[in-house]
1. Over the chain, what is the relative contact order in percent, taking alpha-carbon pairs closer than 8 angstrom and at least six residues apart?
2. Quick one: net charge around Tyr391, please, counting Lys, Arg +1 and Asp, Glu -1 for every other residue with C-beta under 14 Å from its C-beta.
3. Could you give the angle, 0 to 90 degrees to the nearest 10, between helix 72-81's Cα long axis and the longest principal axis of the Cα atoms of the chain?
4. Once you sort the root eigenvalues of the Cα gyration tensor of segment 298-446 as a ≥ b ≥ c, which label holds: rounded (a/c under 1.5), prolate (a/b larger than b/c) or oblate (the other case)?
5. By its C-alpha gyration tensor, with a ≥ b ≥ c as the square roots of the eigenvalues, how is segment 4-358 shaped: rounded for a/c under 1.5, else prolate for a/b larger than b/c, else oblate?
6. Cut-off 10 angstrom, C-alpha nodes, Gaussian network model of the chain. Which of Leu217, Leu325, Leu399 fluctuates the most?
7. Looking at the square roots a ≥ b ≥ c of the eigenvalues of the Cα gyration tensor of segment 164-256, which shape do they give, rounded for a/c under 1.5, prolate if a/b is larger than b/c, or oblate?
8. Within 10 Å of each candidate Cβ there may be at most 14 other Cβ atoms; applying that plus a DSSP loop requirement, which trypsin sites (Lys or Arg not before Pro) in segment 234-287 survive?
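Just so it is clear, none of the values below were taken in a lab; they were calculated from the coordinates. From a predicted model like this one, the values you see are computed outputs, not experimental measurements. Methodologically, a virtual Cβ is constructed for each residue, glycine included, from the backbone with ideal geometry; neighbour enumeration extends over all protein chains shown.
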Amino acid sequence: MIRKISIALMVLICSASIASAQKKRIGNETAAQKKKRMEWWTDARFGMFIHWGLYSLGARHEWLKHNEHMTNEEYEKYFKRFDPDHFDPHKWARAAKAAGMKYAVLTTKHHEGFCLFDSKYTDYKAMNTPAHRDLVKEYVQAFREEGLKVGFYYSLLDWHHPDYTADSAYPLTQVDTSQANYDRINKGRDMNKYREYLRNQVRELMTNYGKIDILWLDWSWDKGSRHGKWGKDWDAVNLLKMVRQLQPGIIVNNRLGLYEYSDGGDFETPEQIGTKELDKYRGHTFETCQTFSGSWGYYRDENTWKTHRQLLDLLISSVSNGGNLILNVGPTARGEFDYRATNALDSMAYWMHANSQAIYDCTYAPSSYKVPEGTKLTYNPKTKKLYIMLYDYPADGRLKLPGYAGKVKYAQFLNDYSELKYSDNGGDTELKLPKMKPPYDIPVVELDL
Ligand code: GLC
């Protein structure tokens, strides 16, 4: 089922690129105003996603309620036991900051319906668990204090609310897919009431926590089909209008099902795609969301963790196509990042400490600069510096820069600002690198143009 849904998600994300000329509009912001509003985000390039909720106790995917077709009663065992005794959002924020991340997005409510925040409209919230606190409030304070921008993820789906109607993603429609089963579950449910609930909760999130930089609403699928949900199901146009009115500077993702509007979302959200596919997004405003392993929520027994090089490649490939990367951590039920996440973050911190100039404020290189073999390029348009990411470190220490003759003023490694000599030969430039590769998986050369 998850696979089927991911395909639907990919289709809808791709449909976001229908020529904007044919599209309707919700607001009247100009392109220049949007650029200004998005500037900090575009420059930041790297953020942290945090998926945390009751599913952390199950420790086997944030969709476990769906995957195991659980009823609310069966899921209740987690609610009763949610007691994150090691929760310290300052630690999270410091880890994000050290890794070079400039913003974070936390699941205030995921599909399971459980709220990490104190909401007037439900009892299904952290306040009523052994945690007894508004965890979102503490997250906001801590991340602000550490100098990071703050974002909220909020699930449009809700697998707990009594008025949310069953659809093809709903936990109890997985085994019995007959219409009779849908009808049985939906008897007495009123989506109007759920829409009101959703609107009320988003209003709370947009008013009770000060300035919020990002809102990540998730998600809409299968437009027009009987068992999918789309913009109309969320009253998404009015929801978005309210959000923009309450938080004028906010940046909102594109999963509200408003693809017929040119301003129905600020950025595209390609999920878990490979670095080759990211090339297709060049020139789009996008943020690719990626997990360290296969799951967003904490998954104890999942062992397909991405290597340091794979993570670096995702970051570099996002920036070299003009987009952002948001990398996810799923804290444990005790409120901590587990050792695998911590190791991965530390490895990013080590690389970013030495090479972050090739990430922040950067984008794809002008097409007049060919990509040298075994490398990827990023470019800072403000300083006109070109960054060469050395994926394959040349064994003979010579790197050919095709067609670069006469263009380079100075060359150095980023990690220690050590000069690199070069010479022009015909139209090309040859860079002389030391035999010994600097101690970074992917070292970076900075060219002054
Ligand atoms: C998908 C999944 C969800 C995850 C999200 C992150 O929509 O349903 O579990 O939160 O992607 O992008």
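1. Rounded, it is 17 percent for the chain.
2. 0
3. So the inclination is approximately 60 degrees.
4. Here segment 298-446 falls in the prolate category.
5. rounded
6. Fluctuation is largest for Leu399.
7. It comes out prolate by the Cα gyration axes.
8. In loop regions of segment 234-287 (DSSP not H, G, I, E or B), the sparsely surrounded trypsin sites (Lys or Arg not before Pro) are Arg282.
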